[in-house]
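**Q** Attaching a single structure in structure tokens format; questions to follow.
The values are calculated or read from the model by the stated rules, or taken from the named source; none is laboratory data. These numbers come from a predicted model, not from an experiment. When we count neighbours, we look across all protein chains shown, and the Cβ atoms used for this are built from the backbone with ideal geometry, even at glycine. Surface areas here come from the heavy atoms of the whole protein model, side chains and all, with no ligands, DNA or RNA. Shrake-Rupley method; radii C 1.70, N 1.55, O 1.52, S 1.80 Å.
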Amino acid sequence: MAFGILESDPSLGTPPGTELLEEVQIGSHDASQVLIPHPSNSFHDPLNMSRVRKEFYFFALIWGACMTGVIGPLLVPGFSIVAASFNIVLTQVTLLNGSLIMALGVSAYLCAPLSIIYGRRIVYLITTLIMIFGCVWASYATSYGSLLGSRIFQGLGMGAFFSLAGTASINDVFFVHERGRRAGLWNFAVIVSVNIAPVISGYVITGLGWQWSFRLLAIGFAVTFILAFFLIPETRYDRDVMLRGIDISTQDATILKHETKPNIEETHDPLHAASPAPKSGRSESVETAPASSKFNWRNLLSLQNITFEHPSLLLPMLMSPLALLGHPAVLWGSAMWSVTFSWVIIQGAVADQIFRAPPYNQSPTAVGILIGVPPLIGSAMGTILGGWLCDMVARSMSIKNSGVYEPEFRLWVLIPSLITTGIGSYGLGISVSLGQTIWAAAVFLGFLNFGVGMACTAIIAYTNDVCQKKAAEAFGVAMLVKSAFAFGLTFVLNDYYAAHGARIFFTTWAALTTGVTLLSVPLYIYGKRMRSHFTM
């Protein structure tokens with residue numbers, strides 16, 4: 001039993017996620033890093049990308065995540081202005097965000113199977129175009145119904161950078177020991193952009209009008225499309241096939257020879273069953289078909305190295321992620337993501353209601369700064385520190401565990417996140433209910449978002465390692481559950497606050513967050529056994 005984690009049944013084999021991360025010499029404290037997953041010898045393997053290319057690729061993901069994060073809270077400082085423009089009540093304005101979040105859940109759920117069938121790259125390009133059109137549509141909306149429709153359309157384009165970017169796209173290119181920090185940086189981009197958006201949009205809305213906030217965002221997404229086109233290659237890659245001696249990068253231009261297929265059963269080591277590939281990068285078991293110099297759309301989109309799955313697989317693959325809810329780790333991740341990330345939605349939904357009313361009487365610009373800057377500082381520190389802690393704790397505990405890594409090691413990061421979330425949420429409720437200075441509210445908002453940022457990083461890092469190749473589908477399910485939860489909240493948040501006041505409002509969500517987070521204790525203890533019994 002390693003650090004309180006119960007061992008699994010040896011007869012069931014090694015559970016998914018348990019890996020030899022460090023090679024520790026007996027009688028020595030020295031350890032050498034083991035690359036998990038093991039890269040193939042193919043030039044086309046995303047794990048073999050140069051460091052510079054990986055960093056440009058990751059920059060494009062981060063930029064896209066930032067732009068996508070801005071969409072949700074864009075109107076938060078101007079809720080009352082939008083309500084006056086269309087002569088509607090505040091709950092209807094909140095529904096603009098709720099509808100977007102629900103559409104985001106659907107998009108995140110769909111992007112994972114679509115990326116498996118058609119590849120990651122094309123999903124990024126199409127969803128970015130959807131967001132460009134959605135922002136342009138919103139900027140010219142002349143009725144509440146039209147604006148609501150544009151927000152739903154925007155949500156349908158958010159799934160790629162909110163789902164694939166933090167899961168499958170990180171797992172495709174980075175090794176296990178690098179993923180915690182990368183997931184933390186991606187989460188940093190999302191949460192920081194969510195928090196800084198009201199600060200900027202507050203000035204834009206009061207100076208130019210709320211329509212211009214969407215026009216400027218459309219320009220930002222146009223830049224995102226350019227970056228995605230040039231910096232995000234296709235990273236869907238079947239490494240297991242390559243290790244058997246077939247380079248899938250040439251599948252669309254090759255004819256497999258049935259008589260020369262490698263016989264894997266003839267060796268006890270399948271990783272070394274195939275003979276070394278020639279310098280051309282092609283396996284000796286394939287025959288190259290004549291290359292076509294004709295220009296086509298696949299060359300334009302750099303999809304010549306991807307093989308599309310048959311469209312008949314679409315429906316089964318769209319339904320298959322729902323089965324993942326039967327896995328305890330996915331169920332836990334869905335619950336945790338729902339209550340944790342919903343704090344970003346909760347504080348944005350009631351910010352105008354709290355701080356534009358007595359005793360604060362703040363302007364839309366001031367509300368945007370208050371709901372943006374303190375959470376920005378807190379979430380920035382939480383996500384960066386959380387990503388670093390995830391990798392540091394995992395490596396340290398692996399070395400002490402004879403080099404064996406368990407995904408549950410990452411759950412220790414939830415302890416400081418729970419403490420700071422509790423301080424921030426309970427403190428904010430008491431501070432606002434007593435009408436204390438706005439600086440007190442700012443401090444507690446910083447604590448709250450520090451905990452949220454750290455918790456989100458731990459959730460993503462843990463589920464990525466447990467779900468592995470199914471990480472994108474698992475996170476898509478979690479996003480769907482979270483979005484449904486947040487969508488329901490938009491109908492009650494403003495009325496619940498008006499009826500019960502700040503103290504009960506914030507302590508209710510704080511208690512819910514604490515209760516769900518404490519479910520991580522049995523997950524930590526029994527997680528390894530669960531991973532061995534439940535298959536993805």
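**Q** Considering only the stretch 2-16, state which residues are within 13 Å of Y524 (Cβ to Cβ) and open to solvent by less than 20 Å² (accessible area, probe 1.4 Å).
**A** So the first thing to find is which residues in the stretch 2-16 are within 13 Å of Y524 (Cβ to Cβ), and the list is 2-6.
Passing the criteria: A2, I5.
**Q** Step by step: first the residues of the stretch 160-209, then only those that are outside any helix (DSSP H, G or I) and of a type outside the set (G, A, S), then the one that is surrounded by the most Cβ atoms within 10 Å (Cβ to Cβ). Which residue is that? Before the answer, list the steps.
**A** Within the stretch 160-209, the subset outside any helix (DSSP H, G or I) is 165-167, 174-175, 209.
Those left that are additionally of a type outside the set (G, A, S): 167, 174-175.
Numbers: T167: 26, F174: 21, F175: 17.
Only one residue fits best here, namely T167.
**Q** Among the numbered conditions (1) at pLDDT below 90; (2) open to solvent by less than 40 Å² (accessible area, probe 1.4 Å); (3) farther than 30 Å from L376 by Cα, tell me where M49 comes up short.
**A** (1)
**Q** Could you list, in sequence order, all residues of the stretch 379-406 that are open to solvent by less than 10 Å² (accessible area, probe 1.4 Å), on the phi < 0 side of the Ramachandran plot and out of contact with any Ser or Thr (no Cβ under 8 Å at 6 or more places or on another chain)?
**A** As a first pass, look at the stretch 379-406 and keep what is open to solvent by less than 10 Å² (accessible area, probe 1.4 Å): 379, 382-383, 386-387, 390, 394, 398, 403, 405-406.
Pick out the ones that are also on the phi < 0 side of the Ramachandran plot and you get 379, 382-383, 386-387, 390, 394, 398, 405-406.
Passing the criteria: S379, A394, S398.
**Q** Select, from L414, L418, the only residue that is closer than 26 Å to T535 by Cβ, part of a helix (DSSP H, G or I) and at pLDDT 95 or above.
**A** Numbers: L418 fails: closer than 26 Å to T535 by Cβ.
Of the residues listed, the single one that is closer than 26 Å to T535 by Cβ, part of a helix (DSSP H, G or I) and at pLDDT 95 or above is L414.
**Q** Tell me which residues, restricted to the stretch 52-92, are among the aromatic types (F, W, Y), open to solvent by 30 Å² or more (accessible area, probe 1.4 Å) and more than 28 Å from L227 (Cβ to Cβ). Walk me through it before giving the result.
**A** Taking the stretch 52-92 as the starting set, the residues that turn out to be among the aromatic types (F, W, Y) are 56-59, 63, 79, 86.
The next check asks that each one be open to solvent by 30 Å² or more (accessible area, probe 1.4 Å); those that pass are 56, 59, 63, 86.
Passing the criteria: only F86.
**Q** For S402, state whether it is outside any helix (DSSP H, G or I), out of contact with any Lys or Arg (no Cβ under 6 Å at 6 or more places or on another chain) and small (G, A, S).
**A** On the way: outside any helix (DSSP H, G or I): yes; out of contact with any Lys or Arg (no Cβ under 6 Å at 6 or more places or on another chain): yes; small (G, A, S): yes.
When the stated conditions are applied, S402 passes them.
**Q** Would you say G372 is open to solvent by less than 50 Å² (accessible area, probe 1.4 Å) and over 22 Å from the mean Cα position of the chain (by Cα)?
**A** Values: open to solvent by less than 50 Å² (accessible area, probe 1.4 Å): yes; over 22 Å from the mean Cα position of the chain (by Cα): no.
No; evaluated as a whole, the condition is false for this residue.
Yes/no per residue for (1) part of a helix (DSSP H, G or I); (2) acidic (D, E); (3) open to solvent by 20 Å² or more (accessible area, probe 1.4 Å):
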residue	(1), (2), (3)
G424	yes, no, no
L428	yes, no, no
V432	yes, no, no
G435	no, no, yes
V443	yes, no, yes
N449	yes, no, no
I460	yes, no, no
C467	yes, no, no
A472	yes, no, no
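**Q** Within the stretch 499-507, is there a residue that is more than 17 Å from the chain's Cα centre (by Cα), part of a helix (DSSP H, G or I) and of a type in the set (K, R)? Explain how you work it out, then say what you get.
**A** Looking only at the stretch 499-507, we keep the residues that are more than 17 Å from the chain's Cα centre (by Cα), and these are 499-507.
Next, from what is left, pick out any that are part of a helix (DSSP H, G or I): 499-507.
Among the residues that remain, those that are also of a type in the set (K, R) are: 503.
For the stretch 499-507, residues more than 17 Å from the chain's Cα centre (by Cα), part of a helix (DSSP H, G or I) and of a type in the set (K, R): present.
**Q** Hey, another quick one. Of everything in the stretch 40-88 that's not in a helix (DSSP H, G or I) and not hydroxyl-bearing (S, T, Y), which residue is farthest from the chain's Cα centre (by Cα)?
**A** Kept after step one, since they are not in a helix (DSSP H, G or I), are these residues of the stretch 40-88: 40-45, 49-50, 87-88.
Now narrow it down to the ones that are not hydroxyl-bearing (S, T, Y): 41, 43-45, 49, 87-88.
Values: N41: 29, F43: 28, H44: 25, D45: 23, M49: 22, N87: 36, I88: 33 Å.
Checking each candidate, the answer is N87.
**Q** Oh, and also: Taking the stretch 516-531, which residues are assigned to a helix (DSSP H, G or I) and either loosely packed, with under 14 Cβ neighbours inside 10 Å or over 28 Å from the mean Cα position of the chain (by Cα) (or both)? Don't jump to the end; show me each part of the working.
**A** In the first step, residues of the stretch 516-531 are kept if they are assigned to a helix (DSSP H, G or I); the result is 516-517, 520-531.
Hits for the stretch 516-531 are V521, P522.
**Q** Take the stretch 377-402 and flag every residue that is of a type in the set (D, E, K, R) and either modelled with pLDDT of 90 or more or out of contact with any helix residue (DSSP H, G or I) (no Cβ under 6 Å at 6 or more places or on another chain) (or both).
**A** Taking the stretch 377-402 first, the residues of a type in the set (D, E, K, R) are 391, 395, 400.
R395, K400, listed by residue number.
**Q** Can you confirm whether the stretch 456-476 contains a residue that is closer than 19 Å to G372 by Cβ and not acidic (D, E)? Step through it out loud before you land on a result.
**A** Quick first cut of the stretch 456-476, residues closer than 19 Å to G372 by Cβ only: 456.
Okay, now just the ones that are also not acidic (D, E), so 456.
Yes, some residue in the stretch 456-476 is closer than 19 Å to G372 by Cβ and not acidic (D, E).
**Q** Among (1) outside any helix (DSSP H, G or I); (2) crowded, with 19+ Cβ neighbours inside 10 Å, which single condition is I130 missing?
**A** The one condition I130 does not meet is (1).
**Q** Next question. Restricting to the stretch 491-515, give me the number of residues that are of a type in the set (A, V, I, L, M, F, W, C), surrounded by fewer than 16 Cβ atoms within 10 Å (Cβ to Cβ) and touching a residue at least 12 places away in the same chain (Cβ under 8 Å). Explain how you work it out, then say what you get.
**A** Kept after step one, since they are of a type in the set (A, V, I, L, M, F, W, C), are these residues of the stretch 491-515: 491-493, 498-499, 502, 504-506, 509-512.
Narrowing the set further to residues that are surrounded by fewer than 16 Cβ atoms within 10 Å (Cβ to Cβ) leaves 491-492, 498-499, 504, 511-512.
From the residues that got through so far, the ones that are touching a residue at least 12 places away in the same chain (Cβ under 8 Å) too are 491, 498, 504, 512.
Result for the stretch 491-515: 4.
**Q** Name the residue, out of V106, V136, that is within 22 Å of S201 (Cβ to Cβ) and open to solvent by 10 Å² or more (accessible area, probe 1.4 Å).
**A** Numbers: V106 fails: within 22 Å of S201 (Cβ to Cβ).
After applying the criteria, what remains is V136.
**Q** Shifting gears a bit: Quick check on the stretch 119-160: of everything there that is more than 19 Å from N97 (Cβ to Cβ) and basic (K, R), which residue is nearest to the chain's Cα centre (by Cα)?
**A** So the residue we want is R120.
**Q** Which members of the stretch 142-155 meet the condition of being in contact (Cβ under 8 Å) with a residue 12 or more places away in the chain and surrounded by fewer than 21 Cβ atoms within 10 Å (Cβ to Cβ)? Working first, answer last.
**A** So in the stretch 142-155, the residues in contact (Cβ under 8 Å) with a residue 12 or more places away in the chain come out as 143-144, 147-155.
Hits for the stretch 142-155 are S143, Y144, L148, G149, I152, F153.
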